[in-house]
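Just below is one structure, and these are the notes that go with it.
The values are calculated or read from the model by the stated rules, or taken from the named source; none is laboratory data. Every value quoted in this text rests on a predicted model; they were computed, and no experiment measured them. Glycine also receives a Cβ, built like all others from the backbone with ideal geometry; neighbour counts cover every protein chain displayed. Each accessible area value is taken on the protein alone, full model and side chains, heavy atoms only, with ligands, DNA and RNA left out. Shrake-Rupley method; radii C 1.70, N 1.55, O 1.52, S 1.80 Å.
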Amino acid sequence: MKILRTIQEIEEYTKAVKASGRTIGLVPTMGALHEGHLTLMRLARQSCDVVLASVFVNPVQFGPGEDYDAYPRQFEDDCAQLATVPVDAVFHPDPVVMYPSGYATYINVESAITQKLCGAKRPGHFRGVATVVVKLMNLARADKAFFGQKDAQQVVVIHRFVADLNLPVEVVMAPISREASGLARSSRNVYLSASERTAALVLHRSLQAAQTAFSQGEKECLRLKQIVQTVLGSEPLADPDYVELYSFPELADISRVQGPALLAIAVRIGRTRLIDNIILEAEKPCC
Ligand code: PAF
């Protein structure tokens, strides 16, 4: 597996791949890799000739007081995991490589889709995500880019700027990867103590309760959100940041679920903020 650290190295690598007529699948990550990331890599492996991962903790998507400094960094372990897929190359730049002195250009998706959910709670977050993902897609000369549904809003935002900027990249969203317990895999799970990890199972439980009610006929958004809040309220260590339900992928306000809808939650467990979601699919009328 090639390790690329500079702009020149990644540009030369991806230029040569494209010159040989091969396709490139990009899997952007911030490292601290887990099975969810590896699922994305394997998906890329299935449909692209070359798989290029990036491992870069992107400073511009973290706000003041967030966990940029504490974010887990374990590049050697990440490489060992990537080699098992196998991934062909990993781009692992220093922040100064991506944002050298004088850097001044940012991508701002000026739409309601960045003003709600994590966009409302983490001002500037999606500006940072959009900026780095555009840079990575360009450098990777990516034909396809792969992201997880756990960050469903991020995927919606990425679809928006890929369309708006006419980027020649197909965006692929993979289902949420969960542990057997139901906990959504996240690099931030390493922050959880044993008791917090048990408490964190309430996220999935709350979404499942809403899914069950929905399957039994409950379509009112208010009621579905109340069900989630009630289950979250049963866990003393859980402090909900938001519980929201929007149409998907538009992220428009709705009062009843009549088409695909994103039920998304952010919950603090101790000092760790976790997100999770499910997509509720209204049944299609038969015949
Ligand atoms: O989802 C993430 O890990 C990050 O937001 C991404 C897409 C790698 C951009 O830094």
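The figures follow:
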item: q = 0.19, 0.23, 0.24, 0.25 Å⁻¹: log10 I(q)/I(0) that the Debye formula gives for segment 189-287, counting C-alpha atoms only; result: -0.84, -1.11, -1.18, -1.25
item: Whole-Å semi-axes of segment 1-59's equivalent ellipsoid (Cα gyration tensor); result: 20, 17, 7
item: Backbone N under 13 Å from the E281 label point (7 Å along Cα→Cβ), restricted to segment 239-255; result: none
item: FRET efficiency, 1/(1 + (r/R0)^6) with R0 41 Å, evaluated for A104 and A180 via beta carbons; result: 0.30
item: Amide hydrogen neighbours beyond the local backbone of R268, cut-off 5 Å, H modeled; result: D239, D241, L274
item: Whole-Hz couplings from phi, Karplus 6.51/-1.76/1.60, listed for segment 143-153; x for Gly and Pro; result: 8, 9, 9, 10, 9, x, 5, 4, 9, 4, 5
item: Those GluC sites (Glu not before Pro) in segment 46-124 that DSSP places in a loop and that have at most 12 other beta carbons within 10 Å; result: E110
item: Area accessible to solvent at M173, 1.4 Å probe radius, in Å²; result: 60
item: Choice from H34, H92, H204 showing the highest fluctuation, given a GNM over the chain with Cα pairs closer than 10 Å; result: H34
item: Semi-axis lengths, Å, the chain, gyration tensor of Cα atoms, sqrt of 5 times eigenvalues; result: 33, 21, 19
item: Relative pair counts by distance (%), Cα atoms of segment 36-175, 10 Å bins; result: 10, 40, 40, 10, 0
item: Antiparallel bridge percentage (DSSP; both residues within segment 53-199; nearest 5); result: 10
item: Share antiparallel - DSSP beta bridges, the chain, percent rounded to 5; result: 50
item: Length added when fully stretched, S255-E66, from 0.36 nm per residue minus Cα-Cα; result: 64.8 nm
item: Computed log₁₀ I(q)/I(0) - Debye formula, equal Cα scatterers, no solvent, segment 108-235, q 0.11, 0.15 Å⁻¹; result: -0.52, -0.90
item: Loop-resident sites, segment 232-287, for trypsin sites (Lys or Arg not before Pro), counting at most 14 other Cβ within 10 Å (DSSP); result: R271
